[in-house]
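The block underneath contains the structure these notes are about, expressed in C-alpha cells.
The values are calculated or read from the model by the stated rules, or taken from the named source; none is laboratory data. These figures come from a predicted structure and were not determined experimentally. Ideal geometry is used to build each Cβ from the backbone, glycine not excepted, and the neighbour counts take in all protein chains shown.
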C-alpha cells in the first residue's frame, strides 16, 4: 500500500521538491546535511542555498546525490515515501520488539569499594541484600511477557557471583520456560571475577553464559580505581579472565573501562593494556552522574570537554595501533558508526529515540522493585526513587503503564525535543531523560547545557570529520570496526559523502 | 561577563519562532533577551565569558555568530514549512503496526 503526497508543497518552477533535512556547519565552509532516513551529504554554503532555492542543476552530480539520498524528490516522477518508510522502519526496528534487555540485580553485596561506584553496595555477609527466590521466579515470568524474539538476561550487583545460587535458579528457570517459548536468549554476568570458581565456570560453559568485567587499565591504574583489602583487584580479575578463556575461549569474556580523572591522563596506556590482554574491543565510557560516582564527582570527575579531549587522543592512538595490525575497536565508536553508516540502528538502549529505558530495558532490583534502566536504579543512591515502575509481581503490561513511563516518553523522543529536533545528528542519536533528570533535575533539560548532547555531538562531529576529511587509513580502520574485519581486508573506503 | 549589545532584526525576515530557536541554540554562549518592537525584534545579547583566561569576544564576532545562527534558523524554518507533514507521513508509514 502506498501513501499519497498531496501535501501542497511549494515547488515553484523547479522539477524537484524538498524532503525534510537538518544541517550543521563544520569548518572550512563544509555543511553536513542529514536526511530523515539518516543518509548524509556534505555541501557548501552555495550548494545549501541552491538546494533550498530550487536552483540545483538537475544534470549535475549534486542533484543525483540529493535525489538518491532523499533530500529532494521529483513529484512528477516518483513518490519516495515507501522506500523512505522502509529505511525509517529499519532504523526504528527496536520499537517493535519490546524490552529485550533484562537486568537482574541479584545482590548488592560486593567486596570492592570503588569510589566511582554507581550502585549501592552491601557488606559481604548475610543475604538481606540478595534477591529472593520468589522475586526471581516472578522476574522470569516478566521476561517472557516481553514479545522480543531475542532476549538478553544480564546479571548485575554488587558482585553477582556472590549470589550464584540465584543466578543458577534464574538461568534454569529461563531455559525451562524457553523450551516452549523458543526465544533466542543470551546470558551475561557483569562481574569482577574475583569469586569465580570451577563450579561457576562449568555452569557458564554448559549454558554459554558470557562474562563482562572491568579492566580500567594497567595494574597500577586499575588497583588505584578499585581498592580491595589485598590491593590486588587487577591480578584477581586477570586470573578470572584467564580461567574463562581457557575453558570457554577468547570471546567469552569482554571488558569495560571506567574512566577517572587519573585515567584521562593515560589513554595510550589503557589501550596498550587491552591489546596486551588480547581483547578485541574496548569501551572508553565516561563516569556517569549516578550513585557514588556523583557523590565523588568533585574528586574523581572531569568535565565533558576533558573527556572529549581524552577520547580523541585515545581514538587517534587506537587508529594507529589498528593500522599496524592489532584489532581493537572502541565499542561506542562502533555503535555510532553503525548508526551513521548503515540503515540500521545499533539498538543501544542509551542512544535511541524513542528512549531505551523501559521500552528496551527493565531492571529487576534485589528487593523486587522494577526500574526502567540501570541508571534509574542507581538514582536510589541519590535518594531518588521516583523512577520506580512497580514491583516484580506486577505484570509487564502494568509496569509499562506506569506514569513514570509516560513522563519518560514525553521526554524520550528526540524528534519532539527542543534543540534535538533541529540537530543534524538526530537520526544517529537518542534521548536520555534519566541522565537529564539526574544532571539538570528535569527529564528534558536545556539541550544547550546538556552533557549528553555535548558529549554525543562532539564525538559524532569528530567521527564525521574523520570520515569526510580524514585519511584512508583512518577510514579503513573505522570501517574495519563496523564490519568486524581486519584492516587488511578493507581495500576500499567507500564513499566519503 | 562581557558587555551586552543590541541587535535589531526585521521581524518579517526573522519571525519570533526563528529568533527563539536561535536564542535557544546559542544559550550556552549568550544570554539573549528578546524584545518586540515595531516590525522588528530587539535582541539584547550578553556573551558568557567561560573562563578567566579566555579573551572577551569582540562585538563583531558576537554579531557574526548571532546573525549566522539566525540565518541558519531561517533556512531550517523554510525547510520545515515546505516539508510540513512529510515527517509525520513517514512515521505513520513506517510505524503503522505501533498504532502511530
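How many residues are more than 18 Å from residue B:68 (Cα to Cα) and at pLDDT below 95 if we restrict to segment B:26-38? Lay out the reasoning, then the answer.
Initially, segment B:26-38 is screened for residues more than 18 Å from residue B:68 (Cα to Cα), giving B:35-38.
With at pLDDT below 95 added as a condition, the list becomes B:37-38.
Result for segment B:26-38: 2.
Conditions (1) out of contact with any strand residue (DSSP E or B) (no Cβ under 8 Å at 6 or more places or on another chain); (2) farther than 24 Å from residue A:91 by Cβ; (3) within 12 Å of chain B (Cβ to nearest Cβ), marked per residue:
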residue: A:30; (1), (2), (3): no, yes, no
residue: A:33; (1), (2), (3): no, no, yes
residue: A:44; (1), (2), (3): no, yes, no
residue: A:56; (1), (2), (3): no, yes, no
residue: A:76; (1), (2), (3): yes, yes, no
TODO: Might you check whether a residue that is in contact with a helix residue (DSSP H, G or I) (Cβ under 7 Å, 6 or more places away or on another chain), surrounded by fewer than 21 Cβ atoms within 10 Å (Cβ to Cβ) and within 14 Å of another protein chain (Cβ to nearest Cβ) occurs anywhere in segment A:456-475?
DONE: yes
- [ ] Could you tell me whether residue A:67 is away from every other protein chain (no Cβ under 11 Å), surrounded by 15 or more Cβ atoms within 10 Å (Cβ to Cβ), in a strand (DSSP E or B) and at pLDDT 95 or above?
- [x] no
- [ ] Looking only at segment A:96-116, count how many residues are part of a strand (DSSP E or B) and more than 30 Å from residue B:96 (Cβ to Cβ).
- [x] 5
TODO: Examine segment B:66-81 for a residue that is more than 7 Å from chain A (Cβ to nearest Cβ), more than 14 Å from residue B:21 (Cβ to Cβ) and without any contact (Cβ under 8 Å) to a residue 24 or more places away in the chain, and state whether such a residue exists.
DONE: no
Open item on the list: Taking the criterion of being in contact (Cβ under 8 Å) with a residue 40 or more places away in the chain, out of contact with any strand residue (DSSP E or B) (no Cβ under 7 Å at 6 or more places or on another chain), more than 25 Å from residue A:476 (Cβ to Cβ) and not in a strand (DSSP E or B), would at least one residue in segment A:332-342 satisfy it?
Closed with: no
Open item on the list: Would you confirm, using the coordinates I've provided, whether residue B:93 is surrounded by 13 or more Cβ atoms within 10 Å (Cβ to Cβ), facing chain A (nearest Cβ under 7 Å) and modelled with pLDDT of 95 or more?
Closed with: no
Open item on the list: Among (1) within 12 Å of chain B (Cβ to nearest Cβ); (2) part of a helix (DSSP H, G or I); (3) in contact with a strand residue (DSSP E or B) (Cβ under 9 Å, 6 or more places away or on another chain); (4) under 20 Å from residue B:26 (Cβ atoms), there is one condition residue A:448 misses while meeting the rest; what is its number?
Closed with: (3)
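Inspect all residues belonging to segment A:4-15 and state whether any of them is within 26 Å of residue A:340 (Cα to Cα), within 14 Å of chain B (Cβ to nearest Cβ) and either modelled with pLDDT of 95 or more or exposed (fewer than 14 other Cβ atoms within 10 Å of the Cβ) (or both). So that I can check it myself, show each step before the final result.
Initially, segment A:4-15 is screened for residues within 26 Å of residue A:340 (Cα to Cα), giving none.
The answer is no, given that none of the residues of segment A:4-15 is within 26 Å of residue A:340 (Cα to Cα), within 14 Å of chain B (Cβ to nearest Cβ) and either modelled with pLDDT of 95 or more or exposed (fewer than 14 other Cβ atoms within 10 Å of the Cβ) (or both).
In segment A:16-28, what count of residues is obtained for those that are more than 10 Å from chain B (Cβ to nearest Cβ), modelled with pLDDT of 95 or more and within 25 Å of residue B:21 (Cα to Cα)? First the steps, then the outcome.
Step one: filter segment A:16-28 for residues more than 10 Å from chain B (Cβ to nearest Cβ), giving A:16, A:26-28.
Checking the rest, the ones that are also modelled with pLDDT of 95 or more come to A:16, A:26.
Add one more test, that the residue is within 25 Å of residue B:21 (Cα to Cα), and what stays is A:26.
So the count comes out to 1.
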- [ ] Could you list, in sequence order, all residues of segment A:385-436 that are closer than 23 Å to residue A:304 by Cβ and free of Cβ contacts under 8 Å to residues at least 12 places away in the same chain?
- [x] A:421
TODO: Determine which member of the set B:54, B:63 is within 14 Å of chain A (Cβ to nearest Cβ), over 18 Å from residue A:421 (Cβ atoms) and modelled with pLDDT under 95.
DONE: B:54
